[in-house]
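Down below is the structure, laid out as structure tokens.
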Amino acid sequence: MVPGPAADRDSLLGIVIDGRYRMEQRIGEGGMGVVYRAVHVVLKKPFAIKIMRGEQAHDPDVLQRFVQEARAASGIGHPNIVNISDFGTTPDGTVYLVMEYLAGQTLAEAMHEGPLTQDRALA
């Protein structure tokens, strides 16, 4: 379900993943996947969903690291770490991780504005 080229990944916009999460906006990208802002179709609550890159979902080592990331993050329970609320694989083999959605600046965006104050960095 998640094709390779960046333009094709946006074809997920508007699609409902696993019958629950409507993909609304692409908000980030990393080495293992693409992150979307999604809304739960029943709860109307926003979530961030990381979708594993399609080409990597067939690599057992990469898949294992993705699962370990989900387990590790869900077990931390810290105010500065996003909560993991769901993990799954759709019938077509798309692997995904559902996290709380946090709106705001990335660290890179904040640092682009200049050095962080000590208080802000410590917080």
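The values are calculated or read from the model by the stated rules, or taken from the named source; none is laboratory data. Just so it is clear, the model here is predicted, and its values are computed rather than measured. FYI the Cβ positions are ideal-geometry reconstructions off the backbone, even for glycines, and counts take in every protein chain you see. SASA here: full protein model, heavy atoms, side chains in, ligands and nucleic acids out. Shrake-Rupley method; radii C 1.70, N 1.55, O 1.52, S 1.80 Å.
Residue by residue, here is whether (1) modelled with pLDDT under 90; (2) under 25 Å from MET23 (Cα atoms) holds:
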| position | (1), (2) |
| --- | --- |
| PHE47 | no, yes |
| ILE51 | no, yes |
| ASP61 | yes, no |
| ALA70 | yes, yes |
| GLY93 | yes, yes |
| VAL98 | no, yes |
| LEU107 | yes, yes |
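When the stretch 24-41 is filtered for residues that are aliphatic (A, V, I, L, M) and surrounded by fewer than 16 Cβ atoms within 10 Å (Cβ to Cβ), the ones remaining, listed by number, are ILE27, VAL41. Reported count of residues in the stretch 87-96, each being touching a residue at least 60 places away in the same chain (Cβ under 8 Å) and in contact with a strand residue (DSSP E or B) (Cβ under 8 Å, 6 or more places away or on another chain), is 4. With respect to the conditions (1) open to solvent by 60 Å² or more (accessible area, probe 1.4 Å); (2) under 11 Å from the mean Cα position of the chain (by Cα); (3) farther than 29 Å from ALA123 by Cα, LYS44 falls short on a single one, namely (2).
When the stretch 87-97 is limited to residues that are of a type in the set (Val, Ile, Thr) and either open to solvent by 70 Å² or more (accessible area, probe 1.4 Å) or assigned to a loop (DSSP other than H, G, I, E, B) (or both), the one that is nearest to VAL67 (Cα to Cα) turns out to be THR89. Of all residues in the stretch 67-86, those that are more than 16 Å from ALA48 (Cα to Cα) have Cβ atoms under 8 Å from Cβ atoms of residues that are open to solvent by 70 Å² or more (accessible area, probe 1.4 Å), 6 or more apart or on another chain, in VAL67/PHE87; GLY77/ASN83. Being at pLDDT below 90, over 19 Å from GLY33 (Cβ atoms) and not in a loop (DSSP other than H, G, I, E, B) is true of GLY75. Of everything in the stretch 52-86 that is among the hydrophobic types (A, V, I, L, M, F, W, C) and open to solvent by less than 40 Å² (accessible area, probe 1.4 Å), the residue that is nearest to HIS40 (Cα to Cα) is ILE84.
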